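Before any comments, here is the structure.
The values are calculated or read from the model by the stated rules, or taken from the named source; none is laboratory data. Everything numeric here is computed off the predicted structure, so don't read it as measured data. Cβ atoms come from the backbone with ideal geometry, glycine included; neighbour counts cover every protein chain shown. Accessible surface is based on the protein model in full, side chains and every heavy atom, while ligands, DNA and RNA are left aside. Shrake-Rupley method; radii C 1.70, N 1.55, O 1.52, S 1.80 Å.
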Amino acid sequence: MLILPVPRDHLPARVALLLAGLVLFGASIALIVRAGLGVMPWTVLEQGLTRTFGLSLGIWSILLGVVLLVLWIPLGQRAGLGTLTNVVLVGIALDATLAVVPPIEGLGWRAGALVVGIIANGVATGAYIGAGMGPGPRDGLTTGITARTGRSLRLVRTTVEVSVVVLGVLLGGQLGVGTVAYALTIGPLMHVFVPMLRVRGPARPG
């Protein structure tokens, strides 16, 4: 696994956007969890691991991130500051938010929390990707497998996500309407927020 150089242009803005995006990403996962209507694919696995082996969702998020970075090595993926920060900060923000946000009662409030959580997750994804400081461990796994196998990004991403969900459900994770809603909407949300929040380098002389 190679380490990407830290971009020098707009560095304070990049770091601020990265950190804000990762904290919001973890908080948005917690909100979706508290909605209790089904969680994101990787969170299904983390829930299953928590219910089977103990430890918190945030700790499992960090441990899975480390495992995925190890898997990057034979794939020749390049990690950046954003990659390494992603592994730690999302899990911390997830557990911290769960500690202060209680379970949500009432179907209407739960549905609202799910919608807000998914939109916030889209904004957060746009922020940490837009910072341009390295992909997240799960994103890098997908692109690495795609590069190695020659399969389409869509096929690899779908295969990975379905495999994660199946394993998570077998371990006791929660599959529900929120899982489907996230899967159907995160792509369009990223399409909007990644370009909107991207930090662009200095213009080159023409």
| request: Name every residue in region 66-79 that is touching a strand residue (DSSP E or B) at 6+ places or on another chain (Cβ under 9 Å) and surrounded by fewer than 23 Cβ atoms within 10 Å (Cβ to Cβ), in order of residue number. | output: Leu69, Trp72, Gly76, Arg78, Ala79
| remark: Note on region 119-138: residues open to solvent by less than 40 Å² (accessible area, probe 1.4 Å), at pLDDT below 95 and either over 20 Å from Ala20 (Cα atoms) or under 12 Å from the mean Cα position of the chain (by Cα) (or both) are Asn121, Gly122, Ala124, Thr125, Gly126, Ala127, Tyr128, Gly136, Pro137
| Within region 93-128, tally of residues that are more than 21 Å from Ser56 (Cβ to Cβ) and either in a loop (DSSP other than H, G, I, E, B) or touching an Asp or Glu at 6+ places or on another chain (Cβ under 8 Å) (or both) | 2
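Please tell me if Thr149 is more than 19 Å from the chain's Cα centre (by Cα) and open to solvent by 70 Å² or more (accessible area, probe 1.4 Å).
yes
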| The listed residue being free of Cβ contacts under 8 Å to residues at least 24 places away in the same chain, open to solvent by 40 Å² or more (accessible area, probe 1.4 Å) and of a type outside the set (Val, Ile, Thr), out of Leu19, Leu63 | Leu63
| request: Mind telling me which of the residues Leu184, Leu155 ends up being outside any loop (DSSP other than H, G, I, E, B), over 25 Å from Ala120 (Cβ atoms), out of contact with any Asp or Glu (no Cβ under 7 Å at 6 or more places or on another chain) and open to solvent by 80 Å² or more (accessible area, probe 1.4 Å)? | output: Leu155
| field | Positions within region 33-62 being of a type in the set (A, V, I, L, M) and within 17 Å of Pro135 (Cα to Cα), in sequence order | value | Ile62
| query | Within the group Gly112, Gly58, Gly82, which residue is open to solvent by less than 50 Å² (accessible area, probe 1.4 Å) and more than 17 Å from the chain's Cα centre (by Cα)? | reply | Gly112
